[in-house]
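Structure, as structure tokens:
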Amino acid sequence: MTQSFSYAGSSAQIVFGDGARSQLADWVRKVGCSRALVLSTPQQKADAEALAQDIGDLAAGVFSGATMHTPVDVTEAAMKLVAEAEADCVVSFGGGSTTGLGKAIAYRTDLPQIVMPTTYAGSEVTPILGQTEAGSKTTVRDAKILPEVVIYDPALTLGLPVAMSVTSGLNAMAHAVEGLYAKDRNPISTLMALEGLRAFSRSLRKIVASPQDAEARGDALYGAWLCGTVLGTVGMALHHKLCHTLGGSFDTPHAETHAIMLPHTAAFNAAAAAPELAAAAEIFGGSIGSGLWDFATAIGAPLSLKELGLSEADLDRAASIAVENSYWNPRPVDRSSIRALLQDAFEGRRPQ
Ligand code: NAD
């Protein structure tokens, strides 16, 4: 039977390679701008300032207050600086948190964004923004949110600690795994998902053994681009829903939560999406759940929700929240099967 699908390529300009960071000034000019506001977290302030210095007069200032979950009050503080500095574009230097702030500014102003990723989260290639206000998180999808230019330079990730490299990589891999069985998948998203998984299966082991291996870092960034693009293109299912629930209601750390949950959500959907997941299972060996769990173990990833400080009572509540609203998943979801899945993840059991 002929497959049916609809496909739209991303309009983002991707720049990739060793030393690519030196192209920033050119890209600020190419997007028609001359006053870039450089964004970072407080932890990456010194690097953001050095970057601003590198581009000289093209830098209009640095805002280093980016933080997890894109709180609206932080965005408002950054917006003040956008106006004061008369910024005409933003340069987001960092991981998903900094990219989130750049997206929040672009959503309000439509200013062009140039992103220089320093983690593997993949947010830089999605038109999705999650932001929080008064403790509640909302997600919006809008063309204005998709960054115009992404500059991937492996050197920018050499300092990413090994533990964060591992969890960030597994976070990206989760986009690919869910992309494989997405209802709106297309042949290109499937190719990208499998290639992204292969890139991480090669590179993360090497990074753990040798964190300064620039080639492995480049391979992981390549995986991040591919897996992030899948996230930006097709719909996600149970895995992202559960991680959103755990992060949103119990404040569990983003990348670690994805890393722990991935083998369990993949195992949960394994039989219902067997043909879609077969090639991914082959990459990791065994069944998709056990293969991913063995891989996560080999690279020293956190394995149990217990380690994140959750209690069994939290699991009861999480299972209820996760089935409050219905959403598509290859295997139908009910509270008791989700509660069992959460228990396995809590204990850190190896899925079958
Ligand atoms: P992060 O951006 O929160 O970074 C975590 C910490 O690591 C920060 O302190 C940061 O300064 C530091 N850091 C980042 N890169 C570093 C480096 N190379 N060296 C040393 N320290 C470094 O973490 P993240 O996992 O990249 O992003 C998580 C956030 O991104 C979450 O809020 C999540 O919801 C969001 N996200 C959004 C999307 C999307 O499409 N909207 C996709 C993925 C993640």
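A few notes on this one:
- Cysteines of the chain lacking any other cysteine Cβ under 4.7 Å from their own Cβ: Cys227, Cys243.
- Candidates per trypsin sites (Lys or Arg not before Pro) in region 290-352, loop by DSSP, up to 15 other Cβ within 10 Å: Arg349
- Placing a label point 7 Å from the Cα of Trp328 along the Cα-to-Cβ direction, the residues of region 164-191 whose backbone N falls under 19 Å of that point are 175-191.
- Per atom type, the chain shows carbon and sulfur on 51% of its accessible surface, probed at 1.4 Å.
- Approximate spin-label separation Lys137-Ser4, in nm, with each point projected 7 Å along Cα-to-Cβ: 3.5 nm
- Ranked by the mean number of other Cβ atoms within 10 Å of their residues, highest first, the peptides 324-332, 139-147 come out as 139-147, 324-332.
- Over region 1-75, equivalent-ellipsoid semi-axes from the Cα gyration tensor in Å: 31, 20, 13
- All-pairs Cα distance distribution in the chain, expressed in whole percent, bin size 10 Å: 6, 26, 34, 24, 9, 1
- One Cα centroid belongs to region 264-307, the other to region 34-101; the line between them spans 37 Å.
- Sparsely packed chymotrypsin sites (Phe, Trp or Tyr not before Pro) within region 37-110, loop by DSSP, other Cβ within 10 Å at most 11: none
- Dipole magnitude of the chain, debye to nearest 20 (Cβ charges: Lys/Arg +1, Asp/Glu -1, about Cα centre): 580 debye
- Across the alpha-carbon atoms of region 13-157, the computed radius of gyration and Dmax are 13.5, 41 angstrom.
- In the structure shown, the pairs Lys144/Lys241; Lys183/Lys206; Lys103/Lys183; Lys80/Lys103 are assessed against 22 Å; a Cα-Cα span above that value is assigned to Lys144/Lys241; Lys183/Lys206; Lys103/Lys183.
- Gain in span if fully extended, Gln343 to Ser34, counting 0.36 nm per residue against the direct Cα distance: 105.9 nm
- Cα pair distances in region 162-347, grouped into 10 Å bins until the bin that holds the longest one, percent each: 10, 40, 37, 12, 1
The values are calculated or read from the model by the stated rules, or taken from the named source; none is laboratory data. From a predicted model like this one, the values you see are computed outputs, not experimental measurements. Note: ideal-geometry Cβ built from the backbone for every residue, glycine included; neighbour counts use all protein chains shown. Accessible surface is based on the protein model in full, side chains and every heavy atom, while ligands, DNA and RNA are left aside. Shrake-Rupley method; radii C 1.70, N 1.55, O 1.52, S 1.80 Å.
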